[in-house]
1. Run down GLU250, GLU225, GLU233, GLU220 and say which single residue is free of Cβ contacts under 8 Å to residues at least 40 places away in the same chain, among the charged types (D, E, K, R) and on the phi < 0 side of the Ramachandran plot.
2. Take the residues in region 23-81 that are of a type in the set (A, V, I, L, M, F, W, C) and assigned to a strand (DSSP E or B); name whichever of them is farthest from the chain's Cα centre (by Cα).
3. For region 241-280, enumerate the residues that are surrounded by 11 or more Cβ atoms within 10 Å (Cβ to Cβ) and among the charged types (D, E, K, R).
4. Looking only at residues that are in contact with a His (Cβ under 9 Å, 6 or more places away or on another chain) and over 21 Å from THR65 (Cβ atoms) in region 24-51, which one is nearest to the ligand (Cβ to nearest atom)?
5. Confirm whether VAL15 is surrounded by 21 or more Cβ atoms within 10 Å (Cβ to Cβ), modelled with pLDDT of 95 or more and either away from the ligand (no atom under 14 Å from the Cβ) or over 19 Å from LEU224 (Cβ atoms) (or both).
6. Please state which one of GLU229, GLU296, GLU250, GLU233 is within 20 Å of the chain's Cα centre (by Cα) and either closer than 16 Å to ALA14 by Cα or not assigned by TED's automatic domain parsing to the domain that holds ASP99 (or both).
7. Would you mind telling me which numbered condition in (1) under 21 Å from LEU308 (Cβ atoms); (2) within 14 Å of the ligand (Cβ to nearest atom); (3) of a type in the set (A, V, I, L, M, F, W, C); (4) touching a Phe, Trp or Tyr at 6+ places or on another chain (Cβ under 8 Å) ILE7 fails?
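The values are calculated or read from the model by the stated rules, or taken from the named source; none is laboratory data. On a predicted model such as this, the values are computed, not experimentally measured, just so you know. Cβ placement follows ideal geometry from the backbone for every residue including glycine, while neighbour counts extend to all protein chains displayed.
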Amino acid sequence: MSEFNHITVLLNEAVDGLKVKPTGQYVDATLGGGGHTKAILDRLADGGHLYSFDQDQTAINYNQTNLANYIDDGRLTLVKSNFRDLSEALGKLGVHKIDGIVYDLGVSSPQFDDAKRGFSYNHDAPLDMRMDQNQDLTALEVVNEWPYKKLIRILSRYGEEKFSKQIARSIERHREEQPIETTLQLAEIVKNAIPAATRRHGGNPAKRSFQAVRIAVNDELGSLEESLEQALELIDVNGRISVITFQSLEDRLVKSMFREKTTIQDLPSGIPVIPEEMKPHYRLINRKPILPNQQELENNRRAHSAKLRIIEKIK
Ligand SMILES: C[S@@+](CC[C@H](N)C(=O)[O-])C[C@H]1O[C@@H](n2cnc3c(N)ncnc32)[C@H](O)[C@@H]1O
């Protein structure tokens, strides 16, 4: 693949937030088109190293060519792995401490725009939605085999879909007659299950259901939580984690994990001075999430829902 048109969101903010040390050891958990990777590499000198993860072979292949000079000069290692296996994959490379890590979550534009990946309700394709092409579970299995109650749960939890019951019931009815095999079939079933008055506003009616199925297929929230737990352990003192999220469920997860790590849990009342050992090991760099600026919002549709949170290990 020669073109990989992904416009990186919050590029400088996320990388500036890492306070890159030229000789530090860094991780980009979500390589994609390599936007954040390249920005980190440009701040590294001899002795500095970046490990860039992606579970999608297409992203790895593209960057193997596109960033070959950084691989050849010993600054970059590409790791084809789910970031939920962060510690294990880094351990195999002899890395047990890092100075920073960035996550730019979700799917890349090329994944979304490549019809055959089955992420989009705008292109007709087999129901797939796997970021990792070697994974067994596909959207076809979720839609055709997951029980009715489980469908309701993912539609309402991951899609925040008000009409989860109606949609799940309609999916069940259709799949009893014949398998639901394509993105456009699913989009049509979802659209017809939603009351006509609601369909008229709020964008494509299938958007929330497609998000829900995608999150379920890739276990996006489970892998993020597991990975962040490991990242918090892996970062050295003064090390930082930057996370860019694109939907409220991810952002809530990051916010609550970071809050837990930066506040004192179960502080007994009436303590005049907080003992050093009770003080948190981490601090938030910004209380509120960092949002894209006006220019970025105008130039990049994906930027609208983006939020950046940064945490630092202080002791
Ligand atoms: C939004 S894109 C990253 C874009 C990148 N920052 C850039 O500037 O081009 C997200 C990438 O992360 C990958 N990804 C998402 N979840 C992952 C996971 N759990 N493990 C590994 N890679 C993941 C996707 O395959 C995709 O290529």
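1. Details: GLU250 fails: free of Cβ contacts under 8 Å to residues at least 40 places away in the same chain; GLU233 fails: free of Cβ contacts under 8 Å to residues at least 40 places away in the same chain; GLU220 fails: free of Cβ contacts under 8 Å to residues at least 40 places away in the same chain.
After applying the criteria, what remains is GLU225.
2. This residue is LEU76.
3. If the condition is that a residue be surrounded by 11 or more Cβ atoms within 10 Å (Cβ to Cβ) and among the charged types (D, E, K, R), then GLU250, ASP251, ARG252, LYS255, ARG259, GLU260, LYS261, LYS279 are the ones that fit.
4. Result: TYR26.
5. Here the answer is yes, as VAL15 does meet what is asked.
6. Selected residue: GLU296, the only one of GLU229, GLU296, GLU250, GLU233 that is within 20 Å of the chain's Cα centre (by Cα) and either closer than 16 Å to ALA14 by Cα or not assigned by TED's automatic domain parsing to the domain that holds ASP99 (or both).
7. (4)
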